[in-house]
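Structure record follows, encoded as structure tokens.
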Amino acid sequence: MTRLLQHPSLGGEIPSALRENAWTPSAGATERTPTIRTDAVYVFYTTVEETFTAIRVANDFAAALGVPVTVLHLRSVPYALPVDRPSGISPLETEEFLERLRREGLNVRVRVYLCRDERRALPFAVEPHSLVVVAGHHGWWPTRSQRTRRMMEAAGHFVMFVDTSEYRPAARDASSPLRAA
């Protein structure tokens with residue numbers, strides 16, 4: 001069972017063109033060449049700091065495409081607990097997280113999926129061939145962000161991995177096409 005929690009204070013209404021999945025394959029695309037879905041840019045939660053880095057990068061993409069940013073948390077609930085009554089809340093649902101989004105001027109939709117298995121919940125959370133941003137760092141052993149990236153790529157999504165050890169936000173001027181709105 002998967003439950004969706006939507007925070008209305010962060011998202012606003014989705015334009016009807018986006019709700020209806022208004023996208024078409026590009027010219028010359030064949031069945032073997034998937035097209036990137038551009039109805040939203042998705043960010044997957046890994047840690048709070050990594051997620052905010054990913055949101056900043058995704059916000060630039062979303063502004064250029066004119067689409068919303070959706071932050072997703074596929075939260076695994078142990079079998080010992082009912083799936084609709086996990087212990088605690090998602091970090092995305094905390095007042096600190098929501099306040100920081102407002103303070104930084106990041107307008108995103110937040111969705112939390114409660115599930116037993118992240119891989120099985122993925123098709124309910126994201127449409128095929130979606131544009132996904134995941135932030136994290138490379139380590140000797142696979143990190144949560146690297147596992148999330150591989151899971152998304154294996155499911156056929158287009159993933160941008162932002163290495164937080166090398167990421168430095170660029171200063172924007174008024175003429176930049178990707179400036180914050």
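Each value in this text was obtained by applying a stated rule to the coordinates, not by laboratory testing. It should be emphasised that the depicted structure is a prediction, and the values quoted were computed from it without experimental measurement. Positions of Cβ are backbone-derived with ideal geometry, glycine not excepted, and every protein chain shown enters the neighbour counts.
Annotations
- Cα-based Rg of segment 37-163 normalised by 2.2 N^0.38 Å, two decimals: 1.02
- Peptides ranked, highest mean first, by Cβ atoms within 10 Å: ranges 101-113, 137-149, 56-68: 56-68, 101-113, 137-149
- Under a 5 Å amide H cut-off, with hydrogens placed 1.01 Å from N, residue 37 pairs with 130, 131 among residues at least 5 apart or on other chains.
- In this Cβ point-charge picture (+1 for Lys and Arg, -1 for Asp and Glu), segment 37-163 has a dipole of about 300 debye about its Cα centre.
- Distance between segment 111-130 and segment 41-94 - C-alpha centres, whole angstrom: 11
- Stretched out straight at 0.36 nm per residue, the stretch from residue 129 to residue 87 would grow longer than its current Cα-Cα span by 11.9 nm.
- Projecting the Cα atoms of 126, 145, 81 onto the charge dipole of segment 37-163, computed from C-beta unit charges around the Cα centre, puts 81 farthest toward the positive end.
- Sequence-distant residues sharing a close amide H with residue 43 (under 5 Å, placed H): 70, 71, 72, 133
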